[in-house]
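Please read the structure below before turning to the comments.
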Amino acid sequence: MDRGQRTRRGFLKGIAATALTVGIGYPGNVTTQSRFDTVVNAIAAGADPNGSERIDNVLEGYIDDDTLIEFPAGRYRLGSLDVGPVRNLGLRAKPQARVLFEPATPASDQRSFITFEGIEDLLLNGLTFDFSRPGFGNTLRVIANGDFLAQDLRICGQLADQDRTTPHVGFRFDVRDPDSTGVVRDVSAPDGGHQGGNGVGIFVGKNHAGTLRFENCTVANFPNNGLYASAPGRSSRNYRGRDGVVHVRGGLYANNNIANVRLGSTGSTAYGVTVRVDSVPPYPSLEKLNVRGIRLRAQSGQFISDCDITITSDAGPGFGAIVYHPDHDSSTVRNTTIHVDKDEYNAVRAVSGDSGGTGGPLTLQNVSVTGDAAGGAAVVIADRDRTVLRDCVIEQSGAGRDGVRFTSANECLITDSTIQVPGEPLSLIDSSVRKVRLTV
């Protein structure tokens with residue numbers, strides 16, 4: 001058995017030590033346990049915990065296979081860190097220690113702040129990245145060829161995203177190996193980006209081919225998507241994603257422009273997610289202000305379940321709380337509540353496929369739509385034959401609010417559902433819908 005096999009088996013043995021019930025679509029067990037041949041105390045190794053001296057050289061001298069670097073409480077200055085292919089590496093705070101990493105150089109001088117690329121069996125735990133100094137703060141990138149666990153990480157301060165000539169991302173996670181899993185747990189980026197900026201909270205690249213699980217994360221106030229995880233599912237002549245699956249379990253996604261959660265690869269899921277928009281998020285420009293809750297961008301088989309989406313009257317304009325792009329095929333939304341108080345704002349919208357699209361059927365089951373939004377329709381379905389609404393309740397009280405509107409959608413079904421609105425409960429434009437036990 002070679003060293004790579006030994007370290008991988010040790011890592012997997014460690015992460016199996018504690019079971020975690022992860023629910024539908026979530027493979028495996030995960031814990032923060034792992035095995036390392038070498039444990040390094042960062043201060044004992046020469047790292048300055050007072051933020052006076054950069055720690056780049058110290059870290060570079062100790063990063064190796066089967067090594068854990070532990071950080072006692074302190075503020076550590078770091079220019080940038082690029083970690084190449086290693087196996088079974090850990091960077092973590094000591095228990096109960098507050099550990100801050102502070103950029104020593106401006107974001108404009110860096111490709112990223114910290115990059116792990118080609119790494120296998122990585123542990124990151126308990127680290128805070130202080131981006132509160134204007135113009136400082138760049139991406140934490142994990143481009144993994146194997147399993148990793150990123151837990152209890154936090155960005156404080158806004159991204160330096162006012163220079164829109166380059167992309168700005170808080171966290172980026174890819175798993176390039178189709179058989180590997182990355183877990184991102186209790187990761188927080190609440191301060192977002194700037195008005196006029198283009199910052200993204202968390203980005204998943206098109207070459208993600210394995211499995212990513214986002215558990216109990218908090219992402220808020222970004223102008224260019226909160227969790228942007230649709231890229232692996234996109235496929236066109238000049239853009240080919242590897243269709244790695246993404247599961248989002250729990251967490252809060254709030255006041256992000258474009259989309260709070262954006263999925264697009266086959267079989268991806270969102271379960272128990274809370275989305276809230278109660279103010280106008282920052283946006284790159286007025287024409288790019290489009291507030292959406294959960295956006296499904298491409299592929300099929302996505303599953304949205306037990307989510308809670310709230311769009312208040314103070315939210316910015318947008319296409320809807322759940323929005324289907326024309327390139328998206330078929331998926332299911334189940335056991336989900338949507339509250340909309342924003343006038344002319346759709347709770348559910350399947351965007352017209354006039355310029356192309358899959359036309360795949362959609363399923364809404366046990367979906368509740370409430371709120372006092374006025375004008376427009378609660379649910380708008382365009383170009384989606386055989387769409388089904390089952391066990392749904394749509395109750396909106398604002399003046400002129402319509403219920404469900406179908407456009408160019410045939411052989412659809414609404415069954416065991418209630419629509420109660422001041423306007424038209426059900427309107428059909430070049431569409432046909434079978435109604436079974438429908439109360440209006």
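The values are calculated or read from the model by the stated rules, or taken from the named source; none is laboratory data. Note that this is a predicted model, so its numbers are computed, not measured. Note: ideal-geometry Cβ built from the backbone for every residue, glycine included; neighbour counts use all protein chains shown. Areas reflect the complete protein model, heavy atoms only, side chains present, ligands, DNA and RNA absent. Shrake-Rupley method; radii C 1.70, N 1.55, O 1.52, S 1.80 Å.
Yes/no matrix, rows are residues, columns are (1) modelled with pLDDT under 95; (2) open to solvent by less than 30 Å² (accessible area, probe 1.4 Å); (3) more than 21 Å from Gln151 (Cβ to Cβ):
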residue: Ala19; (1), (2), (3): yes, no, no
residue: Gly28; (1), (2), (3): yes, no, no
residue: Gln33; (1), (2), (3): yes, no, no
residue: Val40; (1), (2), (3): no, yes, no
residue: Ile63; (1), (2), (3): no, no, no
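In region 269-302, of all residues being open to solvent by 40 Å² or more (accessible area, probe 1.4 Å) and assigned to a strand (DSSP E or B), the one that is farthest from Thr211 (Cα to Cα) corresponds to Arg276.
For region 180-222, the set of residues classified as of a type outside the set (A, V, I, L, M) and in contact with a helix residue (DSSP H, G or I) (Cβ under 8 Å, 6 or more places away or on another chain) consists of Phe203, Gly205, Lys206, Asn207, His208, listed by residue number. The residue that is nearest to Glu60 (Cα to Cα), counting only those in region 82-140 that are open to solvent by 30 Å² or more (accessible area, probe 1.4 Å) and in contact with a helix residue (DSSP H, G or I) (Cβ under 8 Å, 6 or more places away or on another chain), is Arg87.
As a summary of the residue check, Asp308 satisfies the conditions (1) over 24 Å from the mean Cα position of the chain (by Cα); (2) of a type outside the set (Gly, Ala, Ser); (3) at pLDDT 95 or above; (4) open to solvent by 20 Å² or more (accessible area, probe 1.4 Å) except for the one numbered (1). Scanning region 141-157 for residues that are touching a residue at least 60 places away in the same chain (Cβ under 8 Å) and either assigned to a loop (DSSP other than H, G, I, E, B) or open to solvent by 20 Å² or more (accessible area, probe 1.4 Å) (or both) yields Asn145, Gly146, Asp147, Gln151. Residues that are within 27 Å of Asp372 (Cβ to Cβ) and either of a type in the set (S, T, N, Q) or surrounded by 16 or more Cβ atoms within 10 Å (Cβ to Cβ) (or both) within region 398-408 comprise Gly398, Arg401, Asp402, Gly403, Val404, Arg405, Phe406, Thr407, listed in sequence order.
Residue pairs whose Cβ atoms lie under 6 Å apart, separated by 6 or more positions or on different chains, with the first residue in region 273-297 and in contact (Cβ under 8 Å) with a residue 12 or more places away in the chain and the second assigned to a loop (DSSP other than H, G, I, E, B) and among the charged types (D, E, K, R), are Asp278/Asp314; Ser279/Asp314. Cβ-Cβ contacts under 8 Å between residues 6 or more apart (or on different chains), taken from a first residue in region 423-437 that is without any contact (Cβ under 8 Å) to a residue 60 or more places away in the chain to a second residue that is open to solvent by 80 Å² or more (accessible area, probe 1.4 Å) and assigned to a strand (DSSP E or B), are listed as Leu426/Lys435. Candidates Gly192, Gly146, Gly201, Gly118: the one that is small (Gly, Ala, Ser) and within 21 Å of Tyr271 (Cβ to Cβ) is Gly201. Within region 184-198, being crowded, with 24+ Cβ neighbours inside 10 Å and either in contact (Cβ under 8 Å) with a residue 60 or more places away in the chain or of a type in the set (Phe, Trp, Tyr) (or both) holds for Gly192, Gly193, Asn198. Restricting attention to region 313-322, does a residue exist that is open to solvent by 10 Å² or more (accessible area, probe 1.4 Å), over 21 Å from Arg434 (Cβ atoms), out of contact with any Cys (no Cβ under 6 Å at 6 or more places or on another chain) and not in a loop (DSSP other than H, G, I, E, B)? Taking every residue of region 313-322 in turn, none turns out to be open to solvent by 10 Å² or more (accessible area, probe 1.4 Å), over 21 Å from Arg434 (Cβ atoms), out of contact with any Cys (no Cβ under 6 Å at 6 or more places or on another chain) and not in a loop (DSSP other than H, G, I, E, B).
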